[in-house]
Structures are given as C-alpha cells and as structure tokens.
Amino acid sequence: MAQQNHHYQFDAALELRDAGLITASAASLVDSAAKILDLGAGSYVEGVVVVDFVTIEVATGNEKLEIEWQLSSVADFSTASLVFCASVLKVGDSSVNGSGIDTVAGRYTLRVSNEFNGTVYRYARLYERYTGTIDTGYSFKAFLAVQ
C-alpha cells in the first residue's frame, strides 16, 4: 500500500515561506523578508521542499504558479547571471500548468539539492513565478526537510 502523506520534520531555520497571499512574482518571504538559506561553504545538501497549499486559484482558467528552487554563489542573489533555477514545481489550472488536471490545495513535495551542473552552491531560496488573473490567488507555507 502506498503512503499518501509523508511526514517531514519542520525546522524553523529551514523555513522558506511562512504565509500570505501571492500577488506577483517574487522571492518567497519569511517574516516579510526574502528568505535565503545559507547551506554552508562547500557543503552538499539534499532534501525535500515541502509545500503546503492553503489556497490554489484556478477559477479564471489561466492561473499558473511555478515555485522555483534557486541556487547562487552570491548571498543576496543580486547577480542575475549567478542565479540558477535547479528545480521547479508547477501548479495551477491544467490548461497552463502542463498537467492533465487542475491542482488542488494540499501537500506537495519537490526533491532538491544544492548541486547544479557539477557545482555545489552555498545559497538557496524559493522564487514564486506567477502568471494569470489574480482573483483569490495562491497561499502556501514551505520548508526544506534535509535528508
């Protein structure tokens, strides 16, 4: 029998998003500030980003949210040429999210590491790339569960 809901240990130091409605594309926030994880110099880390959706809007039929796991060697992600999207979770309306069904509220997971194309990066964050009409929007919490 397949397990439907994996349980992951929450660590506040690895929280990537704490709450709030998404109204535009931006870095994920914790305590109203962009959250960047320092994974340590030269340290390889792998785990699961756990995303708990409270609200997912698909009413208009053109809504899509891409949650990107981004890596960088720059602590504040200020140098665009040094920011890499290593993994992405797509949710939203099936007509635009590349899936056969609309996404619903609940728990989703994304396997991640801080290695991309043979390079280990020290810094990681989530970036929310939103497209479509915003009526009720998207709301979620997320954290990294290191394995």
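The values are calculated or read from the model by the stated rules, or taken from the named source; none is laboratory data. Quick caveat: nothing in here was measured; it's all calculated off a predicted structure. Neighbour counts are summed over all protein chains in view; Cβ atoms, including those assigned to glycine, are modelled from backbone coordinates with ideal geometry. Surface areas here come from the heavy atoms of the whole protein model, side chains and all, with no ligands, DNA or RNA. Shrake-Rupley method; radii C 1.70, N 1.55, O 1.52, S 1.80 Å.
Mind ordering 106-114, 137-145, 32-40 by average Cβ neighbours within 10 Å, highest first?
Values: 106-114: 16.2, 137-145: 21.6, 32-40: 14.7.
Ranked from most to least packed, the peptides come out as 137-145, 106-114, 32-40.
Take every pair of alpha-carbon atoms less than 8 Å apart whose residues are at least six positions apart; their mean separation over the length of the range 1-67 yields a relative contact order of 20 percent.
Taking the Cβ-Cβ separation of Ser78 and Arg107 as r and a Förster radius of 35 Å, what is the calculated FRET efficiency to the nearest 0.05? Show your work: numbers first, answer last.
On the way: r = 32 Å, r/R0 = 0.92.
Here the calculated transfer efficiency is 0.60.
Of all the accessible heavy-atom surface of the chain, with the other protein chains kept in place and a 1.4 Å probe, what percent is carbon and sulfur? Taking all protein chains in place, the chain shows 50 percent carbon and sulfur surface.
What FRET efficiency comes out for the pair Asn62/Ala19, r = Cβ-Cβ distance, R0 = 35 Å, nearest 0.05? Could you put the intermediate results ahead of the total?
Working: r = 25 Å, r/R0 = 0.71.
Step by step, r from the Cβ atoms, then E = 0.90.
Here the Karplus relation 6.51 cos²θ - 1.76 cosθ + 1.60, evaluated at θ = phi - 60°, turns the backbone of the range 132-141 into coupling constants of x, 7, 9, 10, 9, x, 10, 9, 7, 10 Hz, with x for every Gly and Pro.
If you put +1 on each Lys and Arg Cβ and -1 on each Asp and Glu Cβ, how big is the dipole of the range 101-147 around its Cα centre, in Debye rounded to 20? Let's see the in-between values first.
Values: 6 positive and 4 negative charges, 48 e Å.
That gives the range 101-147 a dipole magnitude of about 240 debye.
Taking the average, over residues, of other Cβ atoms within 10 Å as the packing measure, peptides 90-100, 64-74, 49-59 rank 64-74, 49-59, 90-100 from highest down.
Compute the length gained on full extension between His6 and Thr133: take 0.36 nm times their separation in residues and subtract their Cα-Cα distance, giving the result in nm to one decimal. Show your work: numbers first, answer last.
Working: separation 127, 0.36 × 127 = 45.72 nm, distance 3.22 nm.
Net length gain for the segment: 42.5 nm.
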